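Working notes, beginning with the structure itself.
The values are calculated or read from the model by the stated rules, or taken from the named source; none is laboratory data. Here the structure is a predicted model, which is why all the values come from computation and not from measurement. Counting neighbours? That spans all protein chains shown, and the Cβs are built from the backbone with ideal geometry, glycine included. Ligands, DNA and RNA are stripped out before the accessible areas are found, and what is left, the full protein with its side chains, is counted by its heavy atoms. Shrake-Rupley method; radii C 1.70, N 1.55, O 1.52, S 1.80 Å.
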Amino acid sequence: MNSFQKEVQSRKTFAIISHPDAGKTTITEKLLLFGGAIRDAGTVKARKTGKFATSDWMEIEKQRGISVTSSVMQFDYKDCKVNIVDTPGHQDFSEDTYRTLMAVDSAVMVVDAAKGIEDQTMKLFKVCRMRGIPIFTFINKMDRQGKEPLELLAELEEVLGIESYPMNWPIGMGKDFEGIYDRYNNRIEQFKVDGDDRYIPLNEDGELEGSHPLMDSPLYEQTLDEIMLLNEAGNEYSVERIADGELTPVFFGSALTTFGVQTFLDAFLDFAPSPQPRQSSKGDIDPLSEEFSGFIFKIQANMNPKHRDRIAFLRICSGKFERGMSVNLSRTGKSINLSSSTQFMADERETVNTAVSGDIIGLYDTGNYQIGDTLTVSRDMFQFEKLPQFTPEIFMKVSAKNVLKQKHFHKGINQLVQEGAIQLFKTVTMEEYLLGAVGQLQFEVFENRMKNEYNTDVIMERVGNKMARWVEGNEVDEKLNSSRSILVKDRYDQYAFLFENEFALRWFQDKNPDVKLYNPMDGK
Ligand code: GDP
């Protein structure tokens with residue numbers, strides 16, 4: 001292996017998926033501390049976005065430089081170069097959150113032990129599943145009373161449909177939390193003990209030897225019973241199934257007290273894949289190939305309102321990026337010089353000079369790029385596989401405030417839709433425009449950018465939450481349109497129904513068995 005290939009192999013690029021408050025920020029911070037990327041705990045936390053009103057958006061974006069700078073956090077740990085790609089959540093939840101998952105090679109799912117699998121985790125999980133990337137589970141907040149660990153495993157299986165393999169197992173929880181029984185390292189890690197004494201090795205039967213106060217605890221006995229149960233009746237350990245995303249290794253810990261996090265990180269890096277090949281129009285692109293290529297998975301606009309510049313985030317899929325290099329934009333055939341690029345670090349934004357497969361770089365964009373664009377030095381200008389369509393869940397009717405500004409209005413909408421900021425649908429009956437999004441923020445950004453970039457005030461009317469299902473074969477009787485099943489066309493002229501709720505969807509399916517519907521996020 002040459003030095004370039006070694007560089008690529010050292011990359012571990014992943015995202016953390018979770019529901020708000022599960023502890024993503026806390027765990028990220030601890031990971032960065034281990035990696036020496038930040039000096040003080042609290043650095044990431046301080047950057048968390050607060051609540052904000054629509055009108056404040058620009059201002060917030062500016063202040064948010066931070067939440068933006070933490071888009072990718074890179075640090076060295078042991079022999080690895082770790083890239084944590086931030087998945088914006090909370091009020092920031094949007095299609096970009098999903099798209100970020102297209103740019104990583106694995107995902108870490110953080111679950112609050114008391115809450116189990118929550119809504120946002122489930123949505124993000126689905127996207128990871130669709131890609132078949134390995135998913136690692138960290139069950140957090142063991143220092144608090146939570147659900148029974150066996151119940152949590154059952155939930156993973158029932159709610160998410162993924163099998164699990166506990167790499168370690170909690171000994172008690174909450175006030176009685178004693179630590180974890182670490183199956184992977186065959187040791188016990190004690191919660192209430194610091195320093196080297198924290199770890200007690202187990203014998204080959206997986207039991208404590210000699211005398212130890214823990215041996216008298218009924219919790220230890222219970223743990224041994226549960227471990228026996230897992231050994232006998234639990235899922236079998238399989239490195240291949242972990243790699244295929246069919247089996248999730250499960251770790252228990254408490255991010256807040258920095259317990260179990262390093263144990264998790266060490267094991268995670270043993271399993272987390274290095275950059276993987278990517279499908280393209282000319283077959284799989286090998287990350288170890290030296291010919292530079294990558295794709296854009298996210299465009300962040302208005303970071304600097306004065307200049308209206310945007311940052312396009314590019315995942316490098318092969319070769320090496322060098323500042324000032326010329327690349328081809330496959331969609332247009334244009335050659336572009338990558339003179340200014342930014343990589344986002346935890347502590348500061350710094351200009352990056354080189355980066356390799358697996359890394360993510362931010363490119364200044366003056367309007368050249370769209371989401372999904374391929375950049376490559378290859379002369380045959382292949383294209384990476386299209387990014388999937390994500391099912392929008394919230395809808396708004398949109399029109400121009402000033403009828404004389406229709407031209408600006410259409411231009412603005414078309415560009416923003418093409419760029420991937422929001423999805424556009426047209427009702428078949430009234431030819432009204434409906435915007436679809438996965439998060440409220442997308443509407444706010446849309447409204448703001450229409451005003452500032454296209455000089456158009458828009459009227460937005462809430463249509464509310466809908467379940468969007470596309471029509472297979474794209475043939476449908478337009479008379480099936482009703483208020484509870486609104487028939488629309490997407491921007492590719494594909495038919496879809498927007499259902500009032502689950503009930504309306506089922507009712508429709510019962511009445512119209514010939515109309516085959518699908519959800520693009522269920523994978524086909
Ligand atoms: P995020 O929204 O997923 O980024 O969650 P945060 O990291 O901000 O954590 C949400 C809240 O849970 C904060 O008040 C944290 O201090 C708290 N928290 C995080 N990890 C733990 C933990 O291991 N134990 C306990 N008791 N609280 C935690």
For residues that are in contact (Cβ under 8 Å) with a residue 12 or more places away in the chain and basic (Lys, Arg), scanning just the range 438-489, find the one that is surrounded by the fewest Cβ atoms within 10 Å (Cβ to Cβ). Arg462
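Of the residues that make up the range 188-201, is at least one of a type in the set (A, V, I, L, M, F, W, C) and in a helix (DSSP H, G or I)?
Filtering the range 188-201 for residues of a type in the set (A, V, I, L, M, F, W, C) gives 188, 191, 193, 200.
Imposing the further condition that a residue be in a helix (DSSP H, G or I) reduces the set to none.
Within the range 188-201 (the criterion being of a type in the set (A, V, I, L, M, F, W, C) and in a helix (DSSP H, G or I)), the answer is no, since none of the residues qualifies.
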I'm trying to understand the selection: among the residues of the range 150-177, which are open to solvent by less than 30 Å² (accessible area, probe 1.4 Å) and within 15 Å of Asn231 (Cβ to Cβ)? Leu153, Ser164, Pro166, Met167, Asn168, Trp169
Cβ-Cβ under 7 Å, sequence separation 6+ or interchain: first residue in the range 6-30 and free of Cβ contacts under 8 Å to residues at least 40 places away in the same chain and within 12 Å of Asn83 (Cβ to Cβ), partner near the ligand (Cβ under 7 Å from one of its atoms) and open to solvent by 20 Å² or more (accessible area, probe 1.4 Å). Which pairs? none
Of all strands (runs of 3 or more DSSP E) fully inside the range 1-88, the set with 2 or more residues that are modelled with pLDDT under 90 and either surrounded by fewer than 21 Cβ atoms within 10 Å (Cβ to Cβ) or within 15 Å of the ligand (Cβ to nearest atom) (or both) is 72-77
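Kindly provide the set of residues from the range 178-197 that are at pLDDT below 95, under 23 Å from Gly146 (Cα atoms) and either of a type in the set (Lys, Arg) or open to solvent by 60 Å² or more (accessible area, probe 1.4 Å) (or both), ordered by number.
Of the range 178-197, the ones at pLDDT below 95 are 192-197.
Checking which are under 23 Å from Gly146 (Cα atoms) leaves us with 192-193.
Lys192 - this is the single residue of the range 178-197 that is at pLDDT below 95, under 23 Å from Gly146 (Cα atoms) and either of a type in the set (Lys, Arg) or open to solvent by 60 Å² or more (accessible area, probe 1.4 Å) (or both).
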Criterion first (of a type outside the set (Val, Ile, Thr), open to solvent by less than 10 Å² (accessible area, probe 1.4 Å) and either touching a strand residue (DSSP E or B) at 6+ places or on another chain (Cβ under 8 Å) or in contact (Cβ under 8 Å) with a residue 60 or more places away in the chain (or both)) does Phe425 satisfy it? yes
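Being under 18 Å from Arg129 (Cα atoms), open to solvent by less than 20 Å² (accessible area, probe 1.4 Å) and away from the ligand (no atom under 16 Å from the Cβ): is that true of Pro287 here? Before the answer, list the steps.
Details: under 18 Å from Arg129 (Cα atoms): no; open to solvent by less than 20 Å² (accessible area, probe 1.4 Å): yes; away from the ligand (no atom under 16 Å from the Cβ): yes.
So Pro287 does not fit the description; no.
Taking the range 365-398 only, how many residues are open to solvent by 30 Å² or more (accessible area, probe 1.4 Å) and on the phi > 0 side of the Ramachandran plot? Before you say what the answer is, go through the steps one by one.
The initial filter retains those residues of the range 365-398 that are open to solvent by 30 Å² or more (accessible area, probe 1.4 Å), namely 366-368, 370-371, 377, 379-381, 383, 385-389, 393, 397.
Next, only the ones that are on the phi > 0 side of the Ramachandran plot stay: 367, 381.
So the count comes out to 2.
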Against the conditions (1) at pLDDT below 95; (2) buried (at least 17 other Cβ atoms within 10 Å of the Cβ); (3) in a strand (DSSP E or B), where does Leu435 fall short? Just the number, please. (1)
The range 130-165, residues that are within 16 Å of the ligand (Cβ to nearest atom) and either touching a Gly at 6+ places or on another chain (Cβ under 9 Å) or of a type in the set (Gly, Ala, Ser) (or both): Phe138, Ile139, Asn140, Lys141, Met142, Asp143, Arg144, Gln145, Gly146, Lys147, Leu152
